[in-house]
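The values are calculated or read from the model by the stated rules, or taken from the named source; none is laboratory data. These numbers come from a predicted model, not from an experiment. Methodologically, a virtual Cβ is constructed for each residue, glycine included, from the backbone with ideal geometry; neighbour enumeration extends over all protein chains shown. Ligands, DNA and RNA are stripped out before the accessible areas are found, and what is left, the full protein with its side chains, is counted by its heavy atoms. Shrake-Rupley method; radii C 1.70, N 1.55, O 1.52, S 1.80 Å.
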Amino acid sequence: EPTMVKDINPSGDSYPYNFIELNGLIYFAADDGVSGNELWKTDGTDEGTVMVSNINPSAGSNPYKLFSNNGILYFIADDGIHGIEVWKSDGTEVGTQILKDVNPTGDSNPVNFLSYNSNVYFLADDGTHGYEIWRTDGTENGTVLVKDINPSGDISNDYNFNKMVLYKGELYFSARNDTHGAELWKTDGTKEGTIMVKDIYPGVGGLSPTLGGVFDDK
């Protein structure tokens, strides 16, 4: 028999979304009618269903794309000060903090988290290099740009970035630059090891390759 865990918003709907399990708890975003959309957690009981942190007291931080790696919860949020950036949490209020202000002048609008070699990779715009691949080990100093693939702008003209695919110890992805257009790239996590696999459509034309997944060792 289904039962309600908690009436998070007694005055209306809490609209919980983006559930993820981490360290024996369920994390999600919800609106209690007072704080706006914020990060919550639950152990399955009424008393154990609580807000993790009121990140943006004035409007709600609207956390989304919750993602876990090495016991750390990553998500995208806006605290009303730094813009839309990557945040991390260990499940405590004091341990919920911005990972890095990737774009000090605005929103870095990160997308597409993926775990690889104990790091988390994502696409972000630091306000200088355009949308490029970043990686993080969970620390501010360890959150770095992998390579400026397209010096004149973004590696994806639709910001959708197509998904990254892990294959034989490297990440494969679609990227665009002004020399080759949109082509298939791969990276081992280093600047030197981030290279184009093949210029399938010579010149700057063509459409971004859409990656599927690994099948039959290809």
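Please report, as a whole percent, how much of the solvent-accessible surface of region 54-152 comes from carbon and sulfur atoms (probe radius 1.4 Å).
46
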Span from the region 162-203 Cα centroid across to the region 111-133 one, whole angstrom | 14
In whole Å, how far is the Cα centre of region 204-218 from that of region 1-48?
-> 38
Average accessible area per residue (Å²) across the chain - probe 1.4 Å, nucleic acids and ligands excluded | 50
Between Thr179 and Glu192, 0.36 nm times their residue separation minus their Cα-Cα distance comes to what?
-> 2.9 nm
Just going by the charge dipole of the chain, with Lys and Arg at +1 and Asp and Glu at -1 on Cβ, which of Gly60, Gly83, Gly203 is farthest out on the positive end?
-> Gly203
Nearest 20 debye, what's the magnitude of the dipole of the chain about its Cα centre given +1 on Lys and Arg Cβ and -1 on Asp and Glu Cβ?
-> 760
